[in-house]
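Taken together, the values in this text are just the output of simple stated rules run on the coordinates, not laboratory data. Here the structure is a predicted model, which is why all the values come from computation and not from measurement. Neighbour counts run over all protein chains shown; Cβ positions are idealised from the backbone, glycine included.
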Ligand SMILES: [Zn+2]
Ligand SMILES: [Zn+2]
């Protein structure tokens with residue numbers, strides 16, 4: 001083992017144009033502030049100390065996980081021009097909240113305590129990577145209705161979801177590359193289904209997402225909670241609500257919504273796909289098999305683009321969106337455009 005094998009690294013200060021350097025010590029709860037711009041970030045160590053009983057489980061998180069997580073927090077600090085703090089809070093599963101001094105990364109302490117640090121860290125990686133893939137300087141892409149495709153206007157929210165879905169192809173691969181134990185830790189509890197029930201990636205209206213969040217908390221808070229039990233309940237609830245909310249939509253939109261959900265699940269938690277599909281059929285939603293057929297192509301085409309450019313490039317992201325629109329037969333109704341900077 002090399003003599004200087006410590007958890008300490010000196011990195012460029014993430015603040016744009018700042019000449020400073022920051023020492024990241026993975027064993028300290030926070031970095032020492034940059035001597036020029038005072039930017040600082042909480043580290044994974046801080047998070048782990050805030051999760052009761054994570055003492056032993058924390059040791060399962062490898063140095064690579066600490067290094068990857070801490071550099072994502074530094075990148076977030078650089079992109080937001082401020083500090084990054086971690087905060088346990090009941091009213092969310094995971095969220096990134098802009099503040100006057102930077103960004104606050106919130107995580108749910110009930111889920112953290114029950115599912116363990118690795119599961120929560122995996123979920124945090126997911127949301128941090130969304131930001132990391134699209135630096136603020138980059139001009140964002142949007143999917144806009146083509147002139148003359150008015151009848152497809154109700155598809156807009158579903159089509160917007162493709163921006164998340166395309167990201168997920170790269171995000172899941174990036175998390176798997178950091179440590180092979182991370183994704184299974186979150187998947188054991190069906191945490192990605194929780195992310196489809198509430199938060200900024202849900203298909204449901206805010207009042208339902210809020211109800212779901214409270215229901216999710218109850219599942220994780222139950223003294224008898226087990227990974228299989230919670231994950232199974234999440235599958236059933238997501239299917240029941242999807243059946244209820246999608247049933248009233250016109251047939252082509254319903255098929256699109258179900259196809260996007262199934263393809264997204266295929267990226268986030270592939271082993272739950274069949275159970276979810278069966279639960280949708282059991283819940284009485286028509287047209288699930290046809291949607292599943294479309295989902296298979298959607299998933300394969302997006303993954304193929306990702307595999308051509310595993311490192312993620314803006315051009316590949318655009319190609320993934322294009323492939324997704326084509327797989328859904330919506331490329332004649334929507335076009336990919338670079339949005340003006342806000
Ligand atoms: Zn600085
Ligand atoms: Zn996401």
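Here, P(r) means the percent of Cα pairs in each 5 Å bin from 0 to the largest distance; for the stretch 289-331 it is 6, 26, 29, 20, 12, 5, 1.
Annotation: extensible slack from residue 224 through residue 326 equals 32.2 nm (criterion: 0.36 nm per residue apart, minus Cα-Cα distance).
In this rough spin-label picture, where each label sits 7 Å from Cα along the Cβ direction, the residue 46-residue 99 distance is 0.8 nm. Sorting 332, 100, 296, 31 by the number of Cβ atoms found within 10 Å of their own Cβ, with the fewest placed first, yields 100, 332, 296, 31. Computed over the chain, the per-residue total of -39500 (n - 2.57) for DSSP H runs of n ≥ 4 gives a 222 nm mean residue ellipticity of -18000 deg cm²/dmol, rounded to 500.
Could you put 340, 326, 152 in order, starting from the residue whose Cβ has the fewest other Cβ atoms within 10 Å? Walk me through the numbers before you get to the answer.
Details: 340 8, 326 14, 152 18.
Ranking 340, 326, 152 by Cβ neighbours within 10 Å, fewest first, gives 340, 326, 152.
Ratio of alpha-carbon Rg to the 2.2 N^0.38 Å globular estimate for the stretch 188-285, to two decimals, please. Intermediate results must be reported in sequence, preceding the final value.
On the way: Rg = 12.9 Å, N = 98, 2.2 N^0.38 = 12.6 Å.
Scaled against compact globular proteins, the figure is 1.03.
A crude spin-label estimate for the pair residue 146 and residue 208, with each label 7 Å from Cα along the Cβ direction, gives 3.0 nm.
Take the Cα atoms of the stretch 8-133, build their convex hull, and give its volume per residue in Å³.
Working: hull volume 11.4 nm³, N = 126.
For the stretch 8-133, the hull spanned by Cα atoms encloses 90 Å³ per residue.
Rounded if a/c is under 1.5, else prolate if a/b beats b/c, else oblate: with a ≥ b ≥ c from the C-alpha gyration tensor eigenvalues square-rooted, which is the stretch 89-197? Prolate, since a/c reaches 1.5 and a/b exceeds b/c.
Normalising by residue count, the chain has a Cα convex hull of 145 Å³ per residue. For the chain, the longest principal axis of the Cα atoms and the long axis of helix 288-308 meet at an angle of about 40 degrees. Taken over the alpha carbons of the stretch 141-338 as equal point scatterers, the Debye sum produces base-10 log I(q)/I(0) values at 0.16 Å⁻¹ of -1.06. Label-to-label distance for residue 339 and residue 153 is 2.0 nm, based on points extended 7 Å past Cα in the beta-carbon direction. Footprinting exposure proxy ranking of 84, 288, fewest other C-beta atoms within 10 angstrom first, gives 288, 84. Against the chain, whose longest principal axis comes from its Cα atoms, helix 273-282 is set at around 40 degrees. Of all beta bridges that DSSP places with both ends in the chain, some 70 percent have antiparallel geometry.
Cα extents for the stretch 84-153 along the principal axes, largest to smallest and rounded to whole angstrom: 52, 28, 20. Every Cα-Cα pair of the stretch 158-231 was included, and the share exceeding 18 Å stands at 50 percent. Between the helical axis of 63-80 and the longest alpha-carbon principal axis of the chain there is an angle of about 80 degrees.
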